[in-house]
Each structure stands twice: as structure tokens, then as C-alpha cells.
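Asks: I have a structure here, written as C-alpha cells, and I will follow up with some questions on it.
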Amino acid sequence: MNKKARRYYSKCEQFNYAGTHLLLELWGAENITSLEKVKKALIGSVNACGATLLDIKLHHFSPNQGISGIAIIKESHLSIHTWPEFGYAAIDIFVCGEVNAYKAIPVLKKAFKPKRMQLLELKRGILE
């Protein structure tokens, strides 16, 4: 792998991989119908993990006011889809390189105040 490509990959002791993908589930979440609060949470999460924001797209659904959105970052993306009728939000944080996906979690917890969270980590694009 050349030097330029290497900087977009991540490392752990056992192998190199494309990136870390966190699947975060929030139950009993607040503020999941507000476009403004969701946008602020995504921007805060991107900043907290040290990523480079390129664009944000959000969409409000009727009749339950759920939101789907994505923060496109140089290092991949953060996405959210909410089901207000269940107090549920599904969030994906996929980052590569030196970006720390875990630093987004406290920002999201503060923004959405979930009663319960579930987290799954995937290592994507394992090379060795």
C-alpha cells in the first residue's frame, strides 16, 4: 500500500483496516424530531471525533416527524434515522484513519438524552 493510501487506513495490533463503524442505538431518546437539534448534534459529533465536515443533509418525515440525515465527512460519514413514535434513534458513525469515532458518543448522549443505549463496533475493510 502506498503512503497516501495508508493514511486513510486504521491500525490495531493485529491488523490494518479501512475504518471503524459504530452502530449506536438510542432508546427513550429526546430531541429526535428537531432538525436544528439533530444538525447541531451531528456537527458536534464530527468536531468531537476530529473529522472534517463536508456537508449535512437532513429530511423530516410526516406524520410522526422522524428525521433521516447524514453528515458527509472527508473520513466517511455519520448518519441518523429516528422513530419518534418509539423514542428510538439509529446512528451510524463510520470513520477511517486517525479519527476517533468513540469521541462522538458523549456529544450524542448529551444531545438526545437516551434512557438506554446499545453499541456495536465493526472493523471495516480488514487488510491483514
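The values are calculated or read from the model by the stated rules, or taken from the named source; none is laboratory data. Remember, predicted model here, so these are calculated numbers, not experimental data. Cβ coordinates were reconstructed from backbone atoms using ideal geometry, including for glycine residues, and neighbour counts include every protein chain displayed.
Asks: Can you name the residue in region 73-88 that is of a type in the set (Gly, Ala, Ser) and surrounded by fewer than 21 Cβ atoms within 10 Å (Cβ to Cβ) and, of all such residues, is nearest to CYS49 (Cα to Cα)?
Replies: So the first thing to find is which residues in region 73-88 are of a type in the set (Gly, Ala, Ser), and the list is 76, 79, 87.
With the extra rule that they be surrounded by fewer than 21 Cβ atoms within 10 Å (Cβ to Cβ), the set shrinks to 79, 87.
On the way: SER79: 14, GLY87: 25 Å.
Ranking the candidates gives SER79 first.
Asks: Another question about this same structure. Any residue at all in region 51-71 that's under 21 Å from LEU119 (Cβ atoms), of a type in the set (D, E, K, R) and touching a residue at least 12 places away in the same chain (Cβ under 8 Å)? Give the steps one after another, and end with the answer.
Replies: Let us first name the residues in region 51-71 that are under 21 Å from LEU119 (Cβ atoms), namely 51, 67-71.
Subsequent filtering for residues that are of a type in the set (D, E, K, R) retains none.
Scanning region 51-71 turns up no residue that is under 21 Å from LEU119 (Cβ atoms), of a type in the set (D, E, K, R) and touching a residue at least 12 places away in the same chain (Cβ under 8 Å).
Asks: It is to be established whether one or more residues within region 78-90 are outside any strand (DSSP E or B), of a type outside the set (Lys, Arg), within 20 Å of LYS39 (Cα to Cα) and touching a strand residue (DSSP E or B) at 6+ places or on another chain (Cβ under 6 Å).
Replies: Among the residues of region 78-90, not one is outside any strand (DSSP E or B), of a type outside the set (Lys, Arg), within 20 Å of LYS39 (Cα to Cα) and touching a strand residue (DSSP E or B) at 6+ places or on another chain (Cβ under 6 Å), which makes the answer no.
Asks: With the structure loaded, tell me whether LEU42 is modelled with pLDDT of 95 or more, in contact with a helix residue (DSSP H, G or I) (Cβ under 6 Å, 6 or more places away or on another chain), crowded, with 17+ Cβ neighbours inside 10 Å and not in a loop (DSSP other than H, G, I, E, B) or whether it fails that test. Let's see the steps before the verdict.
Replies: Numbers: modelled with pLDDT of 95 or more: yes; in contact with a helix residue (DSSP H, G or I) (Cβ under 6 Å, 6 or more places away or on another chain): no; crowded, with 17+ Cβ neighbours inside 10 Å: yes; not in a loop (DSSP other than H, G, I, E, B): yes.
For LEU42, the condition - modelled with pLDDT of 95 or more, in contact with a helix residue (DSSP H, G or I) (Cβ under 6 Å, 6 or more places away or on another chain), crowded, with 17+ Cβ neighbours inside 10 Å and not in a loop (DSSP other than H, G, I, E, B) - is not met.
Asks: For region 89-128, which positions are at pLDDT below 95, surrounded by fewer than 18 Cβ atoms within 10 Å (Cβ to Cβ) and in contact with a Lys or Arg (Cβ under 9 Å, 6 or more places away or on another chain)?
Replies: Result: GLU98, single match.
Asks: If you don't mind, there's one more thing I want to ask. Which of the residues spanning region 99-128 are polar (S, T, N, Q) and in contact with a Leu (Cβ under 9 Å, 6 or more places away or on another chain)? Spell out how you get there, then give the answer.
Replies: In the first step, residues of region 99-128 are kept if they are polar (S, T, N, Q); the result is 100, 118.
The one that is polar (S, T, N, Q) and in contact with a Leu (Cβ under 9 Å, 6 or more places away or on another chain): GLN118.
Asks: Only residues that are charged (D, E, K, R), modelled with pLDDT of 95 or more and under 26 Å from LYS123 (Cα atoms): list them for region 5-32, please.
Replies: Of all residues in region 5-32, those charged (D, E, K, R) come to 6-7, 11, 13, 25, 30.
Then drop every residue that is not modelled with pLDDT of 95 or more, which leaves 25, 30.
Result: GLU25, single match.
Asks: Now for a different question. Look through region 91-110, keep the residues that are under 15 Å from GLY19 (Cα atoms) and in a strand (DSSP E or B), and return whichever of them is farthest from the chain's Cα centre (by Cα).
Replies: Restricting to residues being under 15 Å from GLY19 (Cα atoms) and in a strand (DSSP E or B), the top hit is CYS96.
Asks: Could you grab me the full set of residues in region 28-54 that are more than 16 Å from GLY87 (Cα to Cα) and either touching a Gly at 6+ places or on another chain (Cβ under 8 Å) or of a type in the set (A, V, I, L, M) (or both)?
Replies: Of region 28-54, the ones more than 16 Å from GLY87 (Cα to Cα) are 36, 39-54.
Across region 28-54, the qualifying residues are LYS39, ALA41, LEU42, ILE43, VAL46, ALA48, ALA51, LEU53, LEU54.
Asks: Given the conditions (1) within 18 Å of ALA104 (Cβ to Cβ); (2) at pLDDT 95 or above; (3) not charged (D, E, K, R), report the number of the one that LEU35 does not fulfil.
Replies: (1)
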